[in-house]
Amino acid sequence: MKLLKFLLISLLAVTLYSCEYQIIEPEEVVIEIPEEGLSFETDILPIITSTSCTACHKSSNALDLTTADVYNEISTGVTSGKYGPADLPYLNLTSPDQSPLYTLPLGNDGHVKLYSATDAATLLAWIEDGAKNN
């Protein structure tokens with residue numbers, strides 16, 4: 001009986017002390033912002049069109065990203081409520097990091113994760129700079 005207790009305690013001790021945990025640090029991204037700022041046409045539009053956003057956001061969706069005027073869609077449109085609160089503007093210039101255009105494609109509120117860390121940082125910097133249509 002003593003041997004059994006000893007073996008169980010030894011097994012428990014080995015199990016508890018043999019675990020190794022690695023803390024994964026979030027990827028820190030540094031993007032180069034041109035002196036004239038980020039351009040919607042050259043920096044932001046490719047992110048939206050290359051991350052499969054348009055596969056779901058087409059004419060039958062509340063946010064149509066297939067139109068010729070994507071900027072107008074995201075600058076005047078509001079969220080449908082499918083992934084979080086309804087009627088929020090896609091761009092929040094007061095709190096850029098709360099903009100649904102930035103937060104939802106990060107995988108928040110059940111939306112599919114689409115942005116890479118670099119894409120997200122670029123988009124956030126553009127919104128922080130006023131989300132200009134340039």
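Computed from the coordinates by the stated procedures, all read-outs in this text should not be read as laboratory data. Remember, it's a predicted structure, so these values are computed and weren't measured experimentally. Cβ sites come from the backbone with ideal geometry, for glycine too, and all protein chains shown count toward neighbours.
Given a Förster distance of 25 angstrom, what is the FRET efficiency for Ser59 paired with Asp129, based on the Cβ-Cβ distance and rounded to 0.05?
E between Ser59 and Asp129, to the nearest 0.05, is 0.25.
Just subtract the alpha-carbon distance of Leu8 and Thr118 from 0.36 nm times their residue separation and send over the number in nm, one decimal.
34.6 nm
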